[in-house]
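Just so it is clear, none of the values below were taken in a lab; they were calculated from the coordinates. Every value quoted in this text rests on a predicted model; they were computed, and no experiment measured them. Cβ: placed from backbone, ideal geometry, glycine included. Neighbour counts: every protein chain shown.
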Amino acid sequence: MRGASDRAEAQAEITRLRAAIRYHDHCYYVLDHPEISDAEYDGLMRRLQALEAQWPTLIDPDSPTQRVGGAPSPAFLSVTHREPMLSLENAFQDGEVEAFDRRVRERLGLDGLVTYCAEPKLDGLAVSLLYEDGRLVRGATRGDGYTGEDVTANLRTVPSVPLRLNGSGWPRELEVRGEVYMPRAGFDAMNARLRAADERVFANPRNAAAGSLRQLDARVSARRPLRWFAYALGAGASDARLPDTHFDRLACLRDWGLPVCTLNERVHGVTGLLDYYHRMQARRDSLDFEIDGVVYKVDDLDAQRRLGFVSRAPRWALAHKYPAEEATTQIQAVAFQVGRTGAVTPVARLAPVVVGGVTVSNVSLHNFDELQRKDVRIGDTVVIRRAGDVIPEVVRVLTEARPADAVAVTLPTHCPECGAAVVRPEGEVIARCSGQLTCPAQRKEALRHFASRRAMDIEGLGEKLVDQLVEAGRVHDPADLYGLSAEDIASLPRQGEKSAANLVAAIDRSRATTLSRFLYALGVPEVGEATARSLALHFGDLEPLMAADEGALQAVPDVGPVVSAQIAAFFREPHNREVIERLRAAGVHWAPVAAPAPDPAAQASPLRGKRVVLTGTLAGFTREAATAEIQARGGTVSGSVSARTDYVVAGDDPGSKLDKARALGVAVLDEAAFQALLNEG
Ligand code: IVH
């Protein structure tokens, strides 16, 4: 027999467990700072479930165990918003932001800077949540702004939506507005699951959030990784005890357990607004959720009231949007391009589409495996993404839009440029043309690389001219360039005498170079600029490098077994040795690199013997200058971050190297710390 005291004991434990779970939900979803592990959290939840199963009469609809969604409903009820849920005026250009701020100042009769609350514009769907006496009683979608759908059962399954408010001081009736969204990681995982189950995938996190919330069966919503951020108070909050700025009111919401985006900031005047816009843009890709712009709101609520509304948007707020980074378009064809090392790369030709502010009509599919993994077919509709300066990519195929006559792509058996067999060694991702330097495509790419600015720096030897020289049979390899006369060049179609003379002069100037540029220009597989520099520094001249075996090569910083094998193979190849010899005979020369002087300053520098990676833009140094400073102190600079990296110097707009450094626990220096290290010796 279970007695009253057992029940009381169970009730006490249940109350304790519910409070603990709510507390940890708050730490996790609102403060973004969990205090216990997922396993410990699951333990609390399981214990609560067990007790509630044992004592069903103690189950409370607001218990954290009840976020599972009830039985499906036939349709959503409609909800009339007490105050319409408005939209925002959009701006795309700085000038529109300036005009907005000017209008605000004029209407308010203000001379000084206006204080705004600046917030990320989350790309999800707007909802309104109604709390009565601190309990969630209703959740609705925005709908047409006046009437939305009652999605209370679905919203109750979203773990960051508190079923009860924390603390005290909330108005008896509190309407909170915010955005339901799906974090990127959850979106990727969910689409992978759907794909594995052969179900329809979502095109983007916003569609996924909307589709997941508006499920008649709330149990489906419960399984979807939805989140929520509060961004405004709605009707019913006319309570005099609330703060009189938007920013402070959001802080109140946060205290009551509602998640508020931690990236919100108070800023001043137009410069504050634009600065915020650019800072968020720089961080955009590293955020866990998608944003399509930022929102500016006049912070002072009295000023908001005075400004009022025009038609369906407040005069006190503005959405400043980023150019769309994703677009859908059609694959018209897939071509195969042959690169400098013979890699055969599939490139999709697209119906031109504007993404992230530029028109995209070609996109690399990287390699054949990738093409197959994404199952790209000619005729498919695809989502193209171009984030910031990132090269555009195919995100996914909208298979539901695939036409019946879509054509699967096959890897060519022969090089489209020279007809040599395409080979793909066992276990390798890259298929290559076996034609090597008999293949005009490889020859052209090798010449372009040789002449490029950071290699031999032959100004005026552009893509078109390289094509012409190779196609006319005038140039087969880099050494042939040094035998060209102005007449040879001027005799080609569309080449004038003046530019021909300039080019010959540029070729002549390139004879005087440095060993590291020369090594980089040769295009040895796996040898980028940083490795070329390390090799030059280590061996001092070309002969000892050409004579080095793999073991000797691995003594160079950042040269491992893969790179040393490539270098040794390159210099063994008779054709390569012959080209090098002819280049030297044609007068290409450099001063031997002096062995790093045993200078006492270098001995003392904390950078001595350290491997450094540079990322982003430094205000006080070019890449070359920073590299030279590090090398002068006995450090080496390499192009990629590994566990062997000692420091990553991160300037503005750092790239993925910074993320990698953080993931590997490599020390990250900002510019000031880097300068301080240089100052030490
Ligand atoms: S405030 C009257 N703040 O953008 C002001 N909206 O075009 C109401 N949105 O439907 C909106 N993030 O869903 C506001 N930090 C934010 C927002 C935000 C996203 C959405 C919202 C609204 C749309 C307006």
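Listed by position, the strands (runs of 3 or more DSSP E) enclosed by the stretch 330-407 that each have at least 2 residues that are touching a Ser or Thr at 6+ places or on another chain (Cβ under 8 Å), among the hydrophobic types (A, V, I, L, M, F, W, C) and more than 24 Å from Lys444 (Cβ to Cβ) are 344-355, 381-385. Name the residue, out of Arg349, Arg315, that is charged (D, E, K, R), free of Cβ contacts under 8 Å to residues at least 60 places away in the same chain and in contact with a strand residue (DSSP E or B) (Cβ under 8 Å, 6 or more places away or on another chain). Result: Arg349 is the single residue among Arg349, Arg315 that is charged (D, E, K, R), free of Cβ contacts under 8 Å to residues at least 60 places away in the same chain and in contact with a strand residue (DSSP E or B) (Cβ under 8 Å, 6 or more places away or on another chain). Restricting attention to the stretch 18-39, the residues that are assigned to a helix (DSSP H, G or I) and surrounded by fewer than 12 Cβ atoms within 10 Å (Cβ to Cβ) total 3.
Report, by residue number, each residue of the stretch 644-665 that is of a type in the set (A, V, I, L, M, F, W, C), surrounded by 15 or more Cβ atoms within 10 Å (Cβ to Cβ) and without any contact (Cβ under 8 Å) to a residue 40 or more places away in the chain. Before the answer, list the steps.
Within the stretch 644-665, the first condition is being of a type in the set (A, V, I, L, M, F, W, C), and the residues that meet it are 648-650, 658, 661, 663-664.
Checking the rest, the ones that are also surrounded by 15 or more Cβ atoms within 10 Å (Cβ to Cβ) come to 648-650, 658, 661.
Once the filter is applied, which keeps residues that are of a type in the set (A, V, I, L, M, F, W, C), surrounded by 15 or more Cβ atoms within 10 Å (Cβ to Cβ) and without any contact (Cβ under 8 Å) to a residue 40 or more places away in the chain, the stretch 644-665 yields Val648, Val649, Ala650.
Would you confirm, using the coordinates I've provided, whether Val79 is hydrophobic (A, V, I, L, M, F, W, C), closer than 18 Å to Ala218 by Cβ and surrounded by fewer than 14 Cβ atoms within 10 Å (Cβ to Cβ)? Against the criterion (hydrophobic (A, V, I, L, M, F, W, C), closer than 18 Å to Ala218 by Cβ and surrounded by fewer than 14 Cβ atoms within 10 Å (Cβ to Cβ)), Val79 does not qualify.
The sole residue among Arg424, Arg443 that is of a type outside the set (Ser, Thr, Tyr) and surrounded by fewer than 21 Cβ atoms within 10 Å (Cβ to Cβ) is Arg424.
From the list Phe247, Phe289, Phe229, the lone residue that is in contact with a Cys (Cβ under 8 Å, 6 or more places away or on another chain), more than 22 Å from Asp101 (Cα to Cα) and not aliphatic (A, V, I, L, M) is Phe229.
Within the stretch 125-169, which residues are among the small types (Gly, Ala, Ser), touching a Lys or Arg at 6+ places or on another chain (Cβ under 9 Å) and under 17 Å from Ala218 (Cβ atoms)? Of everything in the stretch 125-169, those that are among the small types (Gly, Ala, Ser), touching a Lys or Arg at 6+ places or on another chain (Cβ under 9 Å) and under 17 Å from Ala218 (Cβ atoms) turn out to be Gly139, Gly148, Ser160.
Just name the residue that is farthest from Gly357 (Cα to Cα) out of those in the stretch 42-95 that are within 16 Å of the ligand (Cβ to nearest atom) and not in a loop (DSSP other than H, G, I, E, B). Show your work before the answer.
Within the stretch 42-95, the subset within 16 Å of the ligand (Cβ to nearest atom) is 79, 81-92.
Of the ones still in play, those that are also not in a loop (DSSP other than H, G, I, E, B) are 79, 90-91.
Working: Val79: 38, Asn90: 16, Ala91: 14 Å.
Among those residues, the one meeting the criterion is Val79.
Listed by first and then second residue, the pairs with beta-carbon distance under 7 Å, at least 6 apart or on different chains, first residue in the stretch 177-193 and within 26 Å of Tyr231 (Cα to Cα) and touching a residue at least 40 places away in the same chain (Cβ under 8 Å), second crowded, with 19+ Cβ neighbours inside 10 Å and β-branched (Val, Ile, Thr), are Gly178/Val127; Val180/Val127; Val180/Val158. Does Leu163 count as more than 21 Å from Glu290 (Cα to Cα) and away from the ligand (no atom under 16 Å from the Cβ)? Here the answer is yes, as Leu163 does meet what is asked.
Checking the structure you have, find out if any residue of the stretch 305-316 is within 27 Å of the chain's Cα centre (by Cα) and within 14 Å of the ligand (Cβ to nearest atom). No, the stretch 305-316 contains no residue that is within 27 Å of the chain's Cα centre (by Cα) and within 14 Å of the ligand (Cβ to nearest atom).
Considering only the stretch 98-120, I want to know if a residue exists there that is within 16 Å of the ligand (Cβ to nearest atom), in contact with a Pro (Cβ under 8 Å, 6 or more places away or on another chain) and touching a residue at least 40 places away in the same chain (Cβ under 8 Å). Break it down stepwise before answering.
Initial filter on the stretch 98-120 (within 16 Å of the ligand (Cβ to nearest atom)): 100, 104, 116-120.
Filter once more, keeping what is in contact with a Pro (Cβ under 8 Å, 6 or more places away or on another chain): none.
No, because not a single residue in the stretch 98-120 is within 16 Å of the ligand (Cβ to nearest atom), in contact with a Pro (Cβ under 8 Å, 6 or more places away or on another chain) and touching a residue at least 40 places away in the same chain (Cβ under 8 Å).
Please determine whether any residue of the stretch 206-217 is within 16 Å of the ligand (Cβ to nearest atom), within 19 Å of the chain's Cα centre (by Cα), touching a residue at least 24 places away in the same chain (Cβ under 8 Å) and surrounded by 14 or more Cβ atoms within 10 Å (Cβ to Cβ). Yes, that holds for at least one residue. In the stretch 353-366, the residues that are over 20 Å from Asp292 (Cβ atoms) form Cβ pairs under 8 Å with partners that are assigned to a strand (DSSP E or B) and of a type in the set (S, T, N, Q), at six or more places apart or across chains, as follows: Ser364/Thr345; Leu365/Thr345; His366/Thr345. When restricted to residues that are assigned to a loop (DSSP other than H, G, I, E, B) and either buried (at least 18 other Cβ atoms within 10 Å of the Cβ) or within 16 Å of the ligand (Cβ to nearest atom) (or both), the stretch 318-329 contains 3.
Yes/no per residue for (1) farther than 23 Å from Gln304 by Cα; (2) out of contact with any strand residue (DSSP E or B) (no Cβ under 7 Å at 6 or more places or on another chain):
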residue: Asp60; (1), (2): yes, yes
residue: Pro64; (1), (2): yes, yes
residue: Leu86; (1), (2): no, no
residue: Gly112; (1), (2): no, yes
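Per-residue answers, yes or no, for (1) within 25 Å of Tyr131 (Cβ to Cβ); (2) in contact with a Leu (Cβ under 9 Å, 6 or more places away or on another chain); (3) of a type in the set (A, V, I, L, M, F, W, C); (4) surrounded by 18 or more Cβ atoms within 10 Å (Cβ to Cβ):
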site: Asp6; (1), (2), (3), (4): no, no, no, no
site: Ala10; (1), (2), (3), (4): no, yes, yes, no
site: Arg16; (1), (2), (3), (4): yes, no, no, no
site: Ser63; (1), (2), (3), (4): yes, yes, no, yes
site: Glu106; (1), (2), (3), (4): no, no, no, no
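Scan the stretch 554-568 for residues that are out of contact with any strand residue (DSSP E or B) (no Cβ under 6 Å at 6 or more places or on another chain) and outside any helix (DSSP H, G or I) and jot them down.
From the stretch 554-568, those out of contact with any strand residue (DSSP E or B) (no Cβ under 6 Å at 6 or more places or on another chain) are 554-556, 559-568; that's our starting set.
Gln554, Ala555, Val556, Val559, Gly560 - these are the residues of the stretch 554-568 that are out of contact with any strand residue (DSSP E or B) (no Cβ under 6 Å at 6 or more places or on another chain) and outside any helix (DSSP H, G or I).
Kindly indicate the residue of the stretch 516-535 that is touching a residue at least 60 places away in the same chain (Cβ under 8 Å) and assigned to a loop (DSSP other than H, G, I, E, B) and also nearest to Val563 (Cα to Cα) among those meeting that condition. Per the criteria, the residue is Pro525.
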